[in-house]
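The values are calculated or read from the model by the stated rules, or taken from the named source; none is laboratory data. The model shown is predicted, which means the values in this text are computed figures rather than measured ones. Using ideal geometry, Cβ is built from the backbone for each residue, glycine included, and neighbour counts are taken over all protein chains shown. With ligands, DNA and RNA removed, areas are computed over all heavy atoms of the protein, side chains included. Shrake-Rupley method; radii C 1.70, N 1.55, O 1.52, S 1.80 Å.
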Amino acid sequence: MGADVGQSTEAYADRLSELAGWIGDDHAAFGTDINGLATNAILSSYAEVRKVVEHWQRQKMPEARVRKLAIGNYGR
C-alpha cells in the first residue's frame with residue numbers, strides 16, 4: 001500500500017482498488033479498524049466507507065467489483 005493510503009477516503013479507495021488489481025478482486029476487502037485499536041484510521045465511521053464506494057462509482061467501477069470489495073469478500 002502506498003504511503004498516501006491514510007490521507008483521504010479517495011486515496012484509500014484508490015489503493016484498495018490497486019491492491020485488488022494485484023491480488024484479484026476476490027481477495028481484497030475493507031480493513032476499517034473502526035471498532036479496533038487504530039487511533040488515526042482514515043475510516044473513522046461507517047459513513048466514511050460510503051464515501052469510498054461513491055468514489056468508485058464516480059470512477060465508473062463496475063458494480064460487481066464494487067460489491068465484492070465493499071462487502072462481498074468480507075461477507076464470504
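One residue stands out among those in region 5-50 that are of a type in the set (Ser, Thr, Tyr) and modelled with pLDDT under 80: the one that is surrounded by the most Cβ atoms within 10 Å (Cβ to Cβ), which is THR32.
Do you know which of the residues in region 56-76 that are part of a helix (DSSP H, G or I) and polar (S, T, N, Q) is least open to solvent (accessible area, probe 1.4 Å)? Step through it out loud before you land on a result.
Initial filter on region 56-76 (part of a helix (DSSP H, G or I)): 56-58, 63-75.
With the extra rule that they be polar (S, T, N, Q), the set shrinks to 57, 73.
Numbers: GLN57: 89, ASN73: 22 Å².
The qualifying residue least open to solvent (accessible area, probe 1.4 Å) is ASN73.
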